[in-house]
Amino acid sequence: MSHSRVANSSQTLRFVLDGAVVTLHEPPPTMTVLEYLRDVADRRGTKEGCAEGDCGACTVVIGELSTDRRRVCYRAVNSCIRFLPTLDGKELVTVESLQQPSGAAHPVQQSLVDHHGSQCGFCTPGFVMSLFALYLNRDAADREQVLSALAGNLCRCTGYRPIIEAGMRQYGYASPTHWSREEAYAESHVEGLKSIAREPVAASSLHYPGFHAPRGLDELSRALESSPGALLLAGGTDIGLLVTKQLRELATLVYLGDVPELALVEERSQELWIGAAVTLTDAWPALLARFPALAEQAARFASPPIRNSATLCGNLANGSPIGDAIQMLIALDARLELRRGATLRRLPLEDFYLEYQKKDLAAGEFVAGVAIPPARDGQLLASYKLSKRVDQDISAVAATFCVSLKAAQVTEARLAYGGLAGIPRRARHAERALMDGGWTLAGIETSVAALATDFEPLTDLRASGEYRLKAAGNLLRRFYLQQQGEDVALRTADALLDVG
């Protein structure tokens, strides 16, 4: 690939595919990467299954420069809901890209063949690309790491074992001529992406009718002030469905992914700051470093391809009553930072949601980031998710509990739930009952009873209202028992059974 700088037109999308720079003048703003591959580039190995980022048949790998511009980071994403203009300055790798000059299969593909991991064939390219991302990012992988990497690939025509076996054994093959780990991280890939990188100034941004990717926070603010009806685009894992499922014509898209200030994760003395363009993949390690009790929630939050595109703040700004990050960060007393022009304001996350799909957000105002305070001394924390599938499923009930103790006295209680109301919110009556009753089984039972005052859950396809309310109380009991230690918890559980 030539590393001479490609013309820096504000109307021209540029990305790397198989070592060559692809340039497209004003591509349709909502054309998906999948549509481009199949209908324009004539690459039909990538498949469309669900068209909503669930099944994984459309998986591709995207490479982009790291923050320090010294290496390329490769991640699997769902091409069916990823809009093509967001590839600007990046590298795209498809299943066809893995073809070896000799005609041989890549080790990832050969391992699937040798271990009989191929299904009917429709979804196999997606499995290949998810395993290829794992191959590039690890020198070896155990069973759990393979399962995690494949959490977004749902088809299992031949069962789990041969696919998992192939994922673990793919590292035992000779290094390929093309797309080995050594080649992927070679300087040529870094220089190739640098050659199409845009300067961090407004005049350099990708900007044409229907799409604007500002290069800085001030440019973003001006864009939204002048076009308050524009639609903010981050990972597109929700907005993409407006196009693929609802077939809607969207307003002008303003893309956050090229604003450096919004890609920051900062450990400050009094808070953890996560910018609005930070993906879930990058946000979770920072959250877990401060709050390791959130590990189960992190592992079950969507799938790797979704986490590689979706942003933490996008989940917050969406405001869905079953947005798993919302109740979690409400319990942690997070603050949103909102910006309109040069004006900044902060407000508690719980105050951002007024009612179903109604938020405290003025025209032209946007979420710039979220600040999470550090854990307090004596603070107990747990987060739970109830859903029909373990991986990549919508919660019927999600809950995060944050309780501060002094001896057996509860000095602060933040019990936040999702799925029980039109917005994620705290159980205020249950919190008061727990603070009055103390950190005892009796106090917990009083708090559980108070949940019926806090919520009247709806019934839908995921769960009945009765189930949701009962499950909400059981999660609070579980929280208490898990904090008591195994012996005490078993005795308490036996006592509860006797009472029942």
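The values are calculated or read from the model by the stated rules, or taken from the named source; none is laboratory data. All figures in this text were calculated on a predicted structure; none of them were measured in a lab. Every residue, glycine among them, receives a Cβ derived from its backbone with ideal geometry; neighbour counts consider all protein chains shown. Accessible surface areas use protein heavy atoms only, side chains included; no ligands, DNA or RNA. Shrake-Rupley method; radii C 1.70, N 1.55, O 1.52, S 1.80 Å.
Annotations for the structure displayed:
- Net charge of Cβ neighbours under 14 Å - reference LEU92; Lys, Arg +1; Asp, Glu -1: 0
- Modelled FRET efficiency - R0 45 Å, LYS470 with SER227, Cβ distances, 0.05 increments: 0.45
- The calculated Kirkwood hydrodynamic radius for region 146-265 is 18.4 Å, given to one decimal from all distinct C-alpha pairs.
- A simple spin-label model places pseudo-atoms 7 Å from Cα toward Cβ; at ALA363 and ALA452 they are separated by 4.7 nm.
- Gyration tensor (alpha-carbon) shape descriptor, region 160-203, a/c threshold 1.5: oblate
- Fraction of beta bridges assigned by DSSP in region 146-260 that are antiparallel (%, nearest 5): 40 percent
- If you plug the beta carbon distance of ARG44 and ARG389 into 1/(1 + (r/R0)^6) with R0 = 35 Å, you get a FRET efficiency near 0.75.
- Surface calculation, 1.4 Å probe, protein heavy atoms: LYS359 sits at approximately 60 Å² accessible.
- In the context of the full protein assembly, GLU48 retains an accessible surface of approximately 100 Å², using a probe radius of 1.4 Å and ignoring ligands and nucleic acids.
- Per-pair calculated FRET efficiency, R0 = 30 Å: MET31 and GLU199 via Cβ, rounded to 0.05: 0.75
- Near THR446, once Lys and Arg are set to +1 and Asp and Glu to -1 for all other residues with Cβ below 15 Å from its Cβ, the sum equals -1.
- Averaging 1/r over each pair of different alpha-carbon atoms in the chain and inverting the result gives 24.2 Å, the Kirkwood hydrodynamic radius.
- The alpha carbon radius of gyration of region 54-107, expressed as a multiple of 2.2 N^0.38 Å, is 1.30.
- Accessible surface, the chain, averaged per residue in Å² (probe 1.4 Å): 42 Å²
- The heavy atoms of LYS470 present about 140 square angstrom of accessible area, all protein chains included, probe 1.4 Å.
- Portion, in percent, of the accessible area of the chain that falls on carbon or sulfur, probe 1.4 Å: 51 percent
- Cα shape, region 342-435, gyration tensor, a/c 1.5 rule: oblate
- Region 117-173: C-alpha pair distances exceeding 19 Å, %: 16 percent
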